[in-house]
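I have placed the structure first, in the form of structure tokens, so that the comments after it can refer back to it.
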Amino acid sequence: MFVMYFTEQPMSAYPADIGLQIGHTALMFSNKYFDPVAGSRLYNEYLEQYIYAEEQGVEGFMLNEHHNAPFCMQAKCNIFASILAAVTKKAKIVLLGNPLPLAENPVRLAEELAMIDMISKGRLVPGIVRGGGQESLANGINPAFNRERFEEAHDLIVAAWTREGPFRWEGTHYQHRVVNPWAVPLQKPHPRIWVPGVLSKETIIWAAKQRYPYIALNTSIEATKKIWELYDKTALETGYEAGPENRGYLQQVHVSDTEEKAERNARQFLWMQGEFTGLAHPVWSNPSGYFSPEYRRQFVEFAVGRAESPRGRPTFEQQVKDGRIFYGTPKQVIPKLRRVLEETRPSIYGIWGNDGSVSNEDARTCIRLLGQEVMPAMREIGKELGLKDPFEVDAPVHYRYSTDLKQLPQAAE
Amino acid sequence: MAGWSEHDFQLGEVKLHVWRGGGGRPVLVLHHDIGTLERLPFYDVLAEKFDVIVPRHPGYGVPERPAWLRHPRDLAALYQWLLADLGADRASLVGLGFGGWIAAEMAALAPRDFHRLVLVGAMGVKPPDGDIMDQAILSYIDYAKAGFHDPAAFAKVYGDVSTDQLVAWDLCREMSFRIAWKPYMYSQTLPHLLGGVRAPALVVWGEHDRVVPHSAGEAYQRALREARFATVANAGHCVDMEQPDALARLVTPFLEQN
């Protein structure tokens, strides 16, 4: 069982009242409301929190990135990854991840990641994402080619890591006449790639076909089970049997010394006016061509206000009831986490501990309790339930490195 | 009223849907980025005098699309192919908004081919002053409405917007992103190629166009060899839908010239 600590690194020092008044807190919410003095303080607090987390026994940091919005201060996850590669010693640095379609030059991204892998002495897990629609718009990247760019950038990055250079790349979205980066990853054949997601079936199927672990982001237990059904089915069709080493989960869990304090801080998980990524127009989150055509009809009705959000806007109480937010003392949350582990059997677990304006002191208390009590207990439960993570079982980093493939019916013919 | 008929043409891998009505000199009408309704009063008025050919841009409003299309210039070449198949020589081009960009590309690529060029609120060149409205940050209805000066005129054309219409707009938008994302809705090379166009041009702008700044129209007028600039009162970007008769009064005599 591999457990990691996550925070969105919220820019909590933004004027929420103005956000509410304007009606959106993403993409077009003016950066005149960004305070770099508070930003400087917060970046350094977050950095100190990761260092502290490692001291408290946390074995992994999950980092991500977003753009043009207060809900996440990291505009480039490789920056924090680089710093943590140098200032921490043991914890894995898990990127979930670099939004590949935003890369105009995936070879450069491959170089950056190879450098981080070497500096961290092989602690990097360079996960990849498509990036939400707003990320495309914030970076001038064509949303209609998001999936194509994601897949091709992935292929190019892995080639840059594993193929002897120089070679040539003549793709649809990327053309490089010389690919020969003089920085390649320390981990062989290449660092483990994990893929997080929340909605699209295409990504689950794609991850399963690559044999990359899929990390379900804060989905309900029922939704998570459906994800594993699809993943496992695709894996079987691909020729292998998926197990806990293919399954990851991210959950909002705030722990504190008292239940009251934990509840107060856990309410901060809804700090973005109840939205995951802040208030935004649906066409920013899902620009045309970005989402799966099967949702088109449903989406356009939602986009013009004729239908409810497909995700809904559940209250705090509802999310607690649905098991999407846990809070309490370590003793209170451990049994709840056990239930998730028993029911959905992931071996990779991200704990989203702090969000919104949880104070630095309370965030550190949460981290201490996670590192000293919650995570060790989870690792014990993991052992008991046989939830071995990809490192423990030395799972192949990609389908092509599998040595246990079942003969497929069509291959037998 | 002239009769209309529908045709499907197979141009390589592309199935092109075309509405055709009237008779006389051929006039190719190229629609907006929000697609087109099957019939519009403006098309009907033109069909009283001309052989009006209205293709639906591939992928605009329908899920089947040529995945290889990457630039409006590809559409310009495709419509030359269509005109060649139809044997429609010395056609006139009427380009509406985004369709104006395609028309301008066609004229620039084949400077001697066309009888007259009409550009109405045409995209395709970078406005020297102001920017082309970014539909990516607007909802479907808001963007379509922005094409009209008077909301009542929008309602008259689209009524209570149906879900089918919303789906069609989303498909149109996806196709526009695929072929005109960056730079958004203009070509950096087109202005340098317009000087060769021999067809006299009429550049028309809605007085209250909020989608494409007037400065773009003035840039077209300057770049073209023989162009007249005219504005239509009480009209936004979609002059053809908001003031069809006023537009036809400008366009018809211009196309009838010898």
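Quick look at the numbers
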| read-out | value |
| --- | --- |
| Residue match in the stretch A:285-293 (condition: free of Cβ contacts under 8 Å to residues at least 60 places away in the same chain, farther than 30 Å from A:Gln21 by Cα, within 14 Å of another protein chain (Cβ to nearest Cβ) and surrounded by fewer than 23 Cβ atoms within 10 Å (Cβ to Cβ)) | yes |
| Failed item, numbered, when B:Ile179 is tested on (1) touching a Phe, Trp or Tyr at 6+ places or on another chain (Cβ under 9 Å); (2) assigned to a helix (DSSP H, G or I) | (1) |
| Total residues in the stretch A:302-348, condition within 14 Å of chain B (Cβ to nearest Cβ) and either surrounded by fewer than 16 Cβ atoms within 10 Å (Cβ to Cβ) or under 16 Å from A:Ala262 (Cα atoms) (or both) | 3 |
| Top-ranked residue of the stretch B:164-184 - restricted to ones that are closer than 21 Å to B:Leu40 by Cβ and either surrounded by fewer than 19 Cβ atoms within 10 Å (Cβ to Cβ) or without any contact (Cβ under 8 Å) to a residue 24 or more places away in the chain (or both), ranked as nearest to the other protein chains (Cβ to nearest Cβ) | B:Val167 |
| Scope the stretch B:117-144; condition of a type in the set (Val, Ile, Thr) and outside any loop (DSSP other than H, G, I, E, B); matching residues | B:Val118, B:Val120, B:Ile137, B:Ile141 |
| Breaking point among (1) within 14 Å of chain A (Cβ to nearest Cβ); (2) of a type in the set (Lys, Arg); (3) in contact (Cβ under 8 Å) with a residue 24 or more places away in the chain; (4) out of contact with any Ser or Thr (no Cβ under 7 Å at 6 or more places or on another chain), for B:Lys145 | (3) |
| The stretch B:117-142, residues that are surrounded by fewer than 18 Cβ atoms within 10 Å (Cβ to Cβ) and either within 14 Å of another protein chain (Cβ to nearest Cβ) or at positive phi (or both) | B:Gly130, B:Asp131, B:Asp134, B:Ile137, B:Leu138, B:Asp142 |
| Flag if A:Leu96 is touching a residue at least 12 places away in the same chain (Cβ under 8 Å) and assigned to a strand (DSSP E or B) | yes |
| Matching residues, the stretch A:22-47, being among the β-branched types (Val, Ile, Thr) and touching a helix residue (DSSP H, G or I) at 6+ places or on another chain (Cβ under 6 Å) | A:Thr25 |
| Any hit, the stretch A:135-145, residues being aliphatic (A, V, I, L, M) and more than 14 Å from chain B (Cβ to nearest Cβ) | no |
| Pick from the stretch A:266-284, criterion within 14 Å of chain B (Cβ to nearest Cβ) and at pLDDT 90 or above, ranking: nearest to A:Leu102 (Cα to Cα) | A:Trp284 |
| The listed residue being part of a helix (DSSP H, G or I) and under 30 Å from B:Trp181 (Cα atoms), out of A:Glu237, A:Glu202 | A:Glu202 |
| Filtered residues of the stretch A:217-239 (kept if within 24 Å of A:His190 (Cα to Cα), touching a residue at least 60 places away in the same chain (Cβ under 8 Å) and buried (at least 18 other Cβ atoms within 10 Å of the Cβ)) | A:Thr238 |
| Residue match in the stretch B:185-203 (condition: within 14 Å of another protein chain (Cβ to nearest Cβ) and either among the hydroxyl-bearing types (Ser, Thr, Tyr) or in a loop (DSSP other than H, G, I, E, B) (or both)) | yes |
| Any hit, the stretch A:162-175, residues being within 14 Å of chain B (Cβ to nearest Cβ), modelled with pLDDT of 95 or more and at positive phi | no |
| Every residue from the stretch B:63-116 that is touching a His at 6+ places or on another chain (Cβ under 7 Å), assigned to a loop (DSSP other than H, G, I, E, B) and buried (at least 17 other Cβ atoms within 10 Å of the Cβ) | B:Ala91, B:Gly97 |
| Residue within the stretch A:216-231 that is at pLDDT 95 or above and over 25 Å from A:Phe291 (Cβ atoms) present | no |
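The values are calculated or read from the model by the stated rules, or taken from the named source; none is laboratory data. On a predicted model such as this, the values are computed, not experimentally measured, just so you know. Methodologically, a virtual Cβ is constructed for each residue, glycine included, from the backbone with ideal geometry; neighbour enumeration extends over all protein chains shown.
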